[in-house]
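Scroll down for the structure; my scribbles are underneath it.
The values are calculated or read from the model by the stated rules, or taken from the named source; none is laboratory data. What you see is a predicted model; the values in this text were computed from it and never measured. When we count neighbours, we look across all protein chains shown, and the Cβ atoms used for this are built from the backbone with ideal geometry, even at glycine.
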Amino acid sequence: YGWEKLFSERMCRHFREDFGLKTRVARFHNVYGPNGTWEGGREKAPAAICRKVIAAKVSGKHDIEIWGDGTQTRSFMYVDDCTKGIDRITHSDILEPINLGSSELVSINQLVDIAEEIAGIKLNRHYKLDAPRGVAGRNSDNAKIEQYLGWEPDTRLRDGMERTYRWIWDEFTAKYDARTALNSSVSNFTKGSHPIPGDGYNPESRFSDTWKQGIPASYNSKAGAAKAGGAKAAPGKGAKAGTRAKTAPKAASKPAKAPGKNVGKKVGKKKVAARR
């Protein structure tokens with residue numbers, strides 16, 4: 001992953017030096033904010049923590065799982081600062097790669113503190129020490145961007161987290177309400193339900209896989225369907241109750257004649273010759 005980024009930077013430099021193509025390189029640091037990825041495993045920590053806190057609040061289960069021990073540190077850049085930085089770097093004369101990120105360092109535990117404060121709840125933290133946690137610490141060195149542009153991302157993490165939390169709350173609750181409605185409408189056909197939307201939970205596929213469980217086995221045949229529905233077969237003409245109707249024996253079929261030479265059968269408009 002890192003080599004791909006470095007290779008891209010070298011390609012930009014090559015096209016600038018050899019072909020005169022105007023290129024600029026910005027190294028982003030953990031961009032987050034509304035309209036970003038907030039579930040599925042590819043979201044940044046601010047969005048993931050907001051989602052987990054919201055899920056805990058909606059479900060009433062005040063627990064949260066944290067990857068690692070929560071002491072790892074990061075800096076996170078709000079999306080509005082990112083777009084402003086891209087515009088400034090694009091219209092500058094900076095030729096070398098430059099960091100674009102916030103210099104406000106925070107631990108994952110502190111990030112959870114902020115989300116809890118915004119949500120107005122306190123959660124029981126469960127640390128998953130065997131989960132990926134990344135490097136112990138990483139921050140954006142903004143010395144060059146301040147030197148060249150006299151500017152750096154300045155949205156406070158608390159403010160950005162509050163805006164992000166509100167947006168994810170709307171997305172989460174809309175999804176939760178839709179799934180709750182679906183679960184109640186098919187409750188006769190499914191076993192159990194998820195109290196909150198979980199990662200990878202697809203109620204539509206759950207319904208399609210289990211809806212047949214609610215259908216009695218007797219419905220597997222027409223006779224069983226009639227029996228389950230309380231319908232009785234009407235006796236045939238002249239048949240007495242409690243007796244089975246006799247069926248006429250089938251006429252013996254005539255033996256087929258073996259085809260001789262040059263004897264043909266018509267199939268559609270074509271005549272196919274049958275040979276011995």
Exactly one of 40, 2, 20 is at positive phi, without any contact (Cβ under 8 Å) to a residue 40 or more places away in the chain and surrounded by fewer than 16 Cβ atoms within 10 Å (Cβ to Cβ), and that one is 20
Considering every residue within segment 88-104, establish whether at least one is modelled with pLDDT of 95 or more, touching a Pro at 6+ places or on another chain (Cβ under 7 Å), in a helix (DSSP H, G or I) and within 30 Å of residue 64 (Cα to Cα).
no
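Quick grid of which residues meet (1) under 16 Å from residue 76 (Cα atoms); (2) touching an Asp or Glu at 6+ places or on another chain (Cβ under 9 Å); (3) of a type outside the set (D, E, K, R):
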position: 90; (1), (2), (3): no, no, yes
position: 96; (1), (2), (3): no, no, no
position: 102; (1), (2), (3): yes, yes, yes
position: 131; (1), (2), (3): no, yes, yes
position: 137; (1), (2), (3): yes, no, yes
position: 142; (1), (2), (3): yes, yes, yes
position: 150; (1), (2), (3): no, no, yes
Only residues in segment 163-190 that are over 17 Å from residue 40 (Cα atoms) and aliphatic (A, V, I, L, M) count as the first member; pair them with residues that are at pLDDT below 70 and loosely packed, with under 12 Cβ neighbours inside 10 Å, Cβ under 8 angstrom, at least 6 apart or cross-chain, and list the lot.
182/204
Residues being assigned to a loop (DSSP other than H, G, I, E, B) and surrounded by 19 or more Cβ atoms within 10 Å (Cβ to Cβ): count how many of those fall in segment 25-37.
2
In segment 48-78, which residues are assigned to a helix (DSSP H, G or I) and touching a strand residue (DSSP E or B) at 6+ places or on another chain (Cβ under 6 Å)?
52, 56
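Yes or no, residue by residue, for (1) in contact with a His (Cβ under 7 Å, 6 or more places away or on another chain); (2) modelled with pLDDT of 95 or more; (3) among the hydroxyl-bearing types (Ser, Thr, Tyr):
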site	(1), (2), (3)
134	no, no, no
161	no, yes, no
164	no, yes, yes
169	no, yes, no
178	no, no, no
181	no, no, no
186	no, no, no
Residue that is of a type outside the set (S, T, N, Q) and closer than 30 Å to residue 20 by Cα, where the choices are 101, 60, 70:
101
Verdict on residue 80 being surrounded by fewer than 17 Cβ atoms within 10 Å (Cβ to Cβ) and without any contact (Cβ under 8 Å) to a residue 60 or more places away in the chain:
no
Would you pick out the residues in segment 87-141 that are polar (S, T, N, Q) and touching a residue at least 40 places away in the same chain (Cβ under 8 Å)?
90, 92, 99, 102, 103, 109, 124, 139, 140
